[in-house]
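K.L.:
One structure, pasted below without further comment.
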Amino acid sequence: MSTITLAARDSTTMLRRNLLHARRYPSLTLNLLLTPVMLLLLFVYIFGDTMSGGAGRDAYIAYLVPGILLMTIGSTTIGTAVSVSNDMTEGIIARFRTMAIHRPSVLIGHVLGSVIQAVLSVLVVGAVGLAIGFRSTDATAPEWLAALGLLVLFALALTWIAVGMGLVSPNAEAASNNAMPLILLPLLSSAFVPLHSMPGWFQPIAQYQPFTPAIETLRGLLLGTAIGNNGWITIAWCLALTALGYRWSTTTFNRDPK
């Protein structure tokens with residue numbers, strides 16, 4: 001059996017294992033999914049009229065939903081860090097290392113499973129957004145496909161970072177805490193208010209982080225607003241984070257004695 005065939009077979013097996021775990025123990029995914037849903041409903045129905053600056057609740061829903069969709073990805077990947085940490089501390093990884101399997105397949109299974117869960121979570125939150133009034137009437141089919149590709153690429157990048165966080169965490173609680181910036185960074189971006197409305201000293205912090213250009217690109221694809229350089233910046237962030245997370249995760253996994 002060739003190396004590629006072995007890697008594909010074992011990665012598929014590990015993917016199936018992680019999806020079965022997610023199906024049998026859905027509470028973590030549901031708890032993480034509740035955060036963006038509750039924030040969406042809170043900012044629309046409680047703060048919507050104020051946050052819209054007079055533009056109306058419908059306009060604010062259109063502004064808010066793309067940011068919440070990307071926040072959903074960050075929230076979902078916290079579960080990945082917890083899951084990886086559990087595997088490392090419960091002894092199953094030590095058993096895998098004694099078996100004749102493709103070593104990276106253990107991590108690849110986690111990554112693919114997390115990306116699938118993230119996309120499904122985005123669809124759920126997107127459905128909630130549609131139910132409360134979000135509409136994207138101007139987006140063409142290629143723009144919808146580009147938006148989906150952006151979400152998948154962003155999920156892949158954050159998932160590899162979350163895997164690295166899970167590998168270096170001594171337990172599940174620490175993994176959850178270490179991955180918390182993945183859900184806090186959207187709060188410090190243009191997800192809820194435009195950059196120009198933020199204090200001047202804070203605007204560079206919000207602008208030069210991965211969530212803001214991704215949110216602005218998604219808004220441009222779905223709502224027809226100007227994207228500018230945000231598309232290329234988003235792709236660069238995603239590729240850089242994916243490469244960093246992959247290198248960090250594989251290096252840590254290969255040297256970890258647990």
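The values are calculated or read from the model by the stated rules, or taken from the named source; none is laboratory data. Fair warning: this is a prediction, and the values are worked out from it, not measured in the lab. Because the Cβ atoms are built from the backbone with ideal geometry, glycine has one as well, and the counts that use them run over all protein chains shown. SASA here: full protein model, heavy atoms, side chains in, ligands and nucleic acids out. Shrake-Rupley method; radii C 1.70, N 1.55, O 1.52, S 1.80 Å.
K.L.:
Regarding Gly231, is this residue among the small types (Gly, Ala, Ser), open to solvent by 40 Å² or more (accessible area, probe 1.4 Å) and either over 27 Å from Asn171 (Cα atoms) or touching a helix residue (DSSP H, G or I) at 6+ places or on another chain (Cβ under 6 Å) (or both)? Before you say what the answer is, go through the steps one by one.
P.N.:
Details: among the small types (Gly, Ala, Ser): yes; open to solvent by 40 Å² or more (accessible area, probe 1.4 Å): no; either over 27 Å from Asn171 (Cα atoms) or touching a helix residue (DSSP H, G or I) at 6+ places or on another chain (Cβ under 6 Å) (or both): yes.
When the stated conditions are applied, Gly231 does not pass them.
K.L.:
Against the conditions (1) open to solvent by less than 20 Å² (accessible area, probe 1.4 Å); (2) over 15 Å from Gly166 (Cα atoms), where does Pro142 fall short? Just the number, please.
P.N.:
Among (1) open to solvent by less than 20 Å² (accessible area, probe 1.4 Å); (2) over 15 Å from Gly166 (Cα atoms), Pro142 violates only (1).
K.L.:
Considering only the range 229-242, I want to know if a residue exists there that is farther than 26 Å from Tyr60 by Cα, touching a Pro at 6+ places or on another chain (Cβ under 8 Å), aliphatic (A, V, I, L, M) and in contact (Cβ under 8 Å) with a residue 24 or more places away in the chain.
P.N.:
The answer is yes; a qualifying residue exists.
K.L.:
Determine whether the range 241-258 contains at least one residue that is of a type in the set (Lys, Arg), open to solvent by 60 Å² or more (accessible area, probe 1.4 Å) and at pLDDT 90 or above. Give the derivation first.
P.N.:
Applying the first criterion (of a type in the set (Lys, Arg)) to the range 241-258 yields 247, 255, 258.
With open to solvent by 60 Å² or more (accessible area, probe 1.4 Å) added as a condition, the list becomes 247, 255, 258.
With at pLDDT 90 or above added as a condition, the list becomes 247.
For the range 241-258, residues of a type in the set (Lys, Arg), open to solvent by 60 Å² or more (accessible area, probe 1.4 Å) and at pLDDT 90 or above: present.
K.L.:
Here is a further query. When the residues of the range 208-223 are filtered to those that are assigned to a loop (DSSP other than H, G, I, E, B) and out of contact with any Phe, Trp or Tyr (no Cβ under 7 Å at 6 or more places or on another chain), which remaining residue is most open to solvent (accessible area, probe 1.4 Å)? Write out each step before concluding.
P.N.:
Initial filter on the range 208-223 (assigned to a loop (DSSP other than H, G, I, E, B)): 208-210.
The next check asks that each one be out of contact with any Phe, Trp or Tyr (no Cβ under 7 Å at 6 or more places or on another chain); those that pass are 208-209.
Numbers: Tyr208: 162, Gln209: 11 Å².
It comes out as Tyr208.
K.L.:
Now for a different question. For the range 47-74, enumerate the residues that are farther than 23 Å from Gly220 by Cβ and of a type in the set (Ser, Thr, Tyr).
P.N.:
If the condition is that a residue be farther than 23 Å from Gly220 by Cβ and of a type in the set (Ser, Thr, Tyr), then Thr50 is the only one that fits.
K.L.:
With the structure loaded, tell me whether Val168 is of a type in the set (A, V, I, L, M, F, W, C), under 23 Å from Met38 (Cβ atoms) and at pLDDT 90 or above or whether it fails that test.
P.N.:
Details: of a type in the set (A, V, I, L, M, F, W, C): yes; under 23 Å from Met38 (Cβ atoms): no; at pLDDT 90 or above: yes.
So Val168 fails the test.
K.L.:
Search the range 152-207 for residues being aromatic (Phe, Trp, Tyr) and part of a loop (DSSP other than H, G, I, E, B), and hand back the single one that is least open to solvent (accessible area, probe 1.4 Å). Walk me through how you get there before you give the answer.
P.N.:
In the first step, residues of the range 152-207 are kept if they are aromatic (Phe, Trp, Tyr); the result is 154, 160, 192, 201-202.
Checking which are part of a loop (DSSP other than H, G, I, E, B) leaves us with 192, 201-202.
Details: Phe192: 16, Trp201: 187, Phe202: 37 Å².
Among those that are aromatic (Phe, Trp, Tyr) and part of a loop (DSSP other than H, G, I, E, B), it is Phe192.
K.L.:
Still on this structure, I have one more. Can you name the residue in the range 2-39 that is over 17 Å from the mean Cα position of the chain (by Cα) and small (Gly, Ala, Ser) and, of all such residues, is modelled with the lowest pLDDT?
P.N.:
Among those residues, the one meeting the criterion is Ser2.
K.L.:
So Thr137 fits all but one of (1) of a type in the set (Ser, Thr, Tyr); (2) in a helix (DSSP H, G or I); (3) surrounded by fewer than 21 Cβ atoms within 10 Å (Cβ to Cβ); what number is the exception?
P.N.:
Single failed check for Thr137: (2).
K.L.:
For the range 114-128, name all the residues that are touching a Leu at 6+ places or on another chain (Cβ under 8 Å) and either of a type in the set (Val, Ile, Thr) or surrounded by fewer than 23 Cβ atoms within 10 Å (Cβ to Cβ) (or both).
P.N.:
Scanning the range 114-128 gives Val115, Ile116, Val119, Val122, Val124, Val125, Gly126, Val128.
K.L.:
From the list Leu184, Leu218, Leu188, pick out the single residue that is within 23 Å of Val65 (Cα to Cα), under 16 Å from the mean Cα position of the chain (by Cα) and modelled with pLDDT under 90.
P.N.:
None of the others qualify; the one that does is Leu184.
K.L.:
In addition: Right, Leu39: closer than 21 Å to Gly245 by Cα and not basic (Lys, Arg) or not? Even if it seems obvious, please write down each step before you answer.
P.N.:
Numbers: closer than 21 Å to Gly245 by Cα: no; not basic (Lys, Arg): yes.
When the stated conditions are applied, Leu39 does not pass them.
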